[in-house]
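The values are calculated or read from the model by the stated rules, or taken from the named source; none is laboratory data. What you see is a predicted model, and the numbers here were worked out from it, not measured in a lab. Neighbour counts are summed over all protein chains in view; Cβ atoms, including those assigned to glycine, are modelled from backbone coordinates with ideal geometry. For accessibility, only protein heavy atoms count, side chains too; no ligands or nucleic acids. Shrake-Rupley method; radii C 1.70, N 1.55, O 1.52, S 1.80 Å.
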Amino acid sequence: MKIKYFQDTDTLLIELSDEIVEETREISEDLYIDFDKKGNPVSITVEHAKQKVNILELSYLRVEQPVSN
C-alpha cells in the first residue's frame with residue numbers, strides 16, 4: 001500500500017494494489033474509489049484533502065490475531 005499527497009492539488013491518493021483500474025466510482029463529492037475487473041478496490045482518492053481528512057498525522061498499526069491453545 002502506498003499513500004501519496006499532492007500538495008499542489010490538495011489530493012490524497014491511497015493505492016491499495018497495483019492492479020489495473022477498470023472502474024471509478026464517485027462515493028461522494030471529492031471521494032472516489034477505483035476498482036479492478038474483479039470488483040476489488042485498487043485506490044482511494046480524496047480531493048480537497050485538507051478539508052476532509054487529517055493529513056498532518058499518519059499512523060500504522062498491525063493487529064496480530066491471538067494464538068489459540
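General remarks:
- When the stretch 23-69 is filtered for residues that are free of Cβ contacts under 8 Å to residues at least 24 places away in the same chain, open to solvent by 100 Å² or more (accessible area, probe 1.4 Å), aliphatic (A, V, I, L, M) and closer than 18 Å to TYR5 by Cβ, only LEU56 remains.
- Residue in the stretch 20-30 that is of a type in the set (Ser, Thr, Tyr) and touching a Phe, Trp or Tyr at 6+ places or on another chain (Cβ under 6 Å) present: yes
- Residue ID - surrounded by the fewest Cβ atoms within 10 Å (Cβ to Cβ), chosen from residues in the stretch 5-22 that are under 14 Å from VAL42 (Cα atoms) and among the charged types (D, E, K, R): ASP18
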